[in-house]
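Remarks on the structure that follows.
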Amino acid sequence: MNKAWIDDSIKTPQYALIALGFVIGATTIWYFFPAIGWWPLLIVGIPIIPLLASGNISFIRTPFDIPIIIFMITAGVGVWVAYDRQAAWGKFWLLVGAVLLLYTLANQPAANHWIIAGLLTVLGCAVALFFLLTHDFNEFPVKFAPIYRLGTWITAIRPQIYSSSIHPNRVAGIIALTLPIIGAVTYRMWREKRNILAILATVIAAVVVAALLLTSSRGALLALLGSATIWILWGLSIVLARIMKARQGLIFASLLFISIFSIILFTIRSPISTESLDNLLPGPARVGSRLDVAQAGIKLIQDYPFSGMGLGSFAGHYSQYILVIPYFIYDNGHNLLIDVAIDQGLLGLIAFAAIFFGSAAYLVFIATRPEVPHKPYTQVLTWSLLTSMLVVTIHGLVTDVIYGPWGTPLLFVIPGFALSIAQQGYPEYNLCEKVGAYVSEHKSSVKYVAIALSLVLVGLGYWFRKPLQAQWFANLGAVQMSRIELAGWPINQWDDGSNASRLIDREGYFQQALAYNPGNRTAHHRLGLIAMVKREYPSAVRHLESAYKNDPDHPGIMKNLGYSYLWANQMKPAYQILSKLPEVVQELGVYTWWWGQFGREDLANIAQTMREQLQSQQAVN
């Protein structure tokens, strides 16, 4: 094969698209066959063969290579700490696919940008059509009557193809992500008078908008509304900057701060509750429950700040350590940033934020430079990508779509596309080259800054060394404990005490944590749980009381403390806590039977007595 021909071929836009196609193919295999392992990497390697033959292979650089490496290292740690490693490996390879998509997209030349926009348009349309053709509106009704009637009509007239198990909120998240890009494609087609493509794009946009409305997702709709509001404030800041002869960025920041502060103040001072917000827009999920889940997620992060709980591990930890139940409730924390921190720890969260928000900041820098010669329609595509990032950010506050179980491959698609526009569309503003040139030019200054930062970090580490050491051991102990307690989860029954001997061996981690920090909440909480498994309820009370004083809002600590009081026959404090938990009445009925199965009639009688007291209280109320 002619080497010159290979050299010319691998430099073409078509070759970059072919490479992207192979990565999409490998990621698709990982998505539908999560247990397949590393084998799809061979597909990704096919486009590299001509590069090896030509001798032109080189590492594709982005400004965020270090955060990406850190992100993948924390993902690997997330496999190690997960209680279900098979599921964790499946998610790990999806994250590998997401990172490969980022690099492949970042390497796309400017000639391919609108082709990629077209592919995202097709993606949005495909998801919308899949939802419209499979969702059963009779089984999952929505509050808003016109939408419900339209949905049931569609269900009645369409062919029965497949019964969808995809939640409408997840569908809405993907649709909302692609909608700004679909709008940019439609705008360009009409402006260039490509009538057939313009009509097709308009039809796609109409289908996608209709599907979005039919999902009745409050989060997605409010995310689009919030993004539109931000752009209105941006435009207003431009006008005010000209009138006031002030810096536009400062004016925009001021307007944004005033708007956010006003919303928060109105929410606090007005009589509108979360229940009222639930009824503001149609939709199946409740605002209050999502806030509860997000707050619980933060509690879990505090137990695993260094390692995270492990990839795909939210479901078991949330049920076991927050709700104290042995069955499945939620598979994610309904918050993008919280879910990343839960799975991969705080370092993984920092790395993700650097990649996602850093690429957005890079694109903003390019888009707002007055001296940059923008190519035709490039600004339209740039602002549509930034809008998609805003939508993902706002929607990610209430629903996790792109890191959760369904949309993981899309995690870095928009950042990768943004980097392609910034680096390939404007090579003269390549951030990697500019940073490298700055470092070379100011070596001594950079060195002194690096030394100063290192000294500050070392000083902070030394100052907080005891709490950090305590939490490190508590984190390790919590990982070991969850692997034992959640093995084979969900088991759909409470712990029968069979894990007691294995958990005793893990107590040492928590004792070490308390030696460094006697008030460590995680250590007291977990030692209390181990004492409960050992049926040593006075010891459980002692540790859980310490944890409760540290964190009285932790649902799992509160519930376990109430039950420890109860099994220790301390009825008064048990009643004070358990009366705050409405689900306990039903659980005590199960416990009455449960203790009877193990010959503990004393505890069965205590459970029945408390159940009767709580039922009497509920009857009075």
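Count of the range 146-190 residues, restricted to those that are modelled with pLDDT under 90, part of a helix (DSSP H, G or I) and basic (Lys, Arg), is 2. Only residues that are surrounded by 16 or more Cβ atoms within 10 Å (Cβ to Cβ) and under 12 Å from Gln480 (Cβ atoms) were counted in the range 503-529, giving 6.
Per the conditions (1) farther than 25 Å from Ala487 by Cα; (2) more than 32 Å from the chain's Cα centre (by Cα), the sole criterion not satisfied by Phe598 is (1).
Each residue in the range 83-134 was checked for being open to solvent by less than 10 Å² (accessible area, probe 1.4 Å) and under 16 Å from Trp406 (Cβ atoms), and 8 of them qualify.
Considering each of Leu419, Leu453, Leu397 in turn, give the residue that is open to solvent by 10 Å² or more (accessible area, probe 1.4 Å), assigned to a helix (DSSP H, G or I) and at pLDDT 80 or above.
Among Leu419, Leu453, Leu397, only Leu453 is open to solvent by 10 Å² or more (accessible area, probe 1.4 Å), assigned to a helix (DSSP H, G or I) and at pLDDT 80 or above.
When the range 541-581 is limited to residues that are without any contact (Cβ under 8 Å) to a residue 24 or more places away in the chain and open to solvent by 40 Å² or more (accessible area, probe 1.4 Å), the one that is farthest from Arg611 (Cα to Cα) turns out to be Lys549.
Tallying residues that are surrounded by 16 or more Cβ atoms within 10 Å (Cβ to Cβ) and either within 29 Å of the chain's Cα centre (by Cα) or assigned to a helix (DSSP H, G or I) (or both) within the range 485-501 yields 4.
Going through (1) at pLDDT 90 or above; (2) farther than 19 Å from Leu419 by Cα one by one, Gly21 falls short only on (2). Ile355 satisfies every condition listed in (1) out of contact with any Phe, Trp or Tyr (no Cβ under 6 Å at 6 or more places or on another chain); (2) touching a residue at least 40 places away in the same chain (Cβ under 8 Å) except (1).
The values are calculated or read from the model by the stated rules, or taken from the named source; none is laboratory data. Here the structure is a predicted model, which means the values were calculated and not measured. Note: ideal-geometry Cβ built from the backbone for every residue, glycine included; neighbour counts use all protein chains shown. Keep in mind that these areas ignore ligands, DNA and RNA; they rest on the heavy atoms of the full protein, side chains included. Shrake-Rupley method; radii C 1.70, N 1.55, O 1.52, S 1.80 Å.
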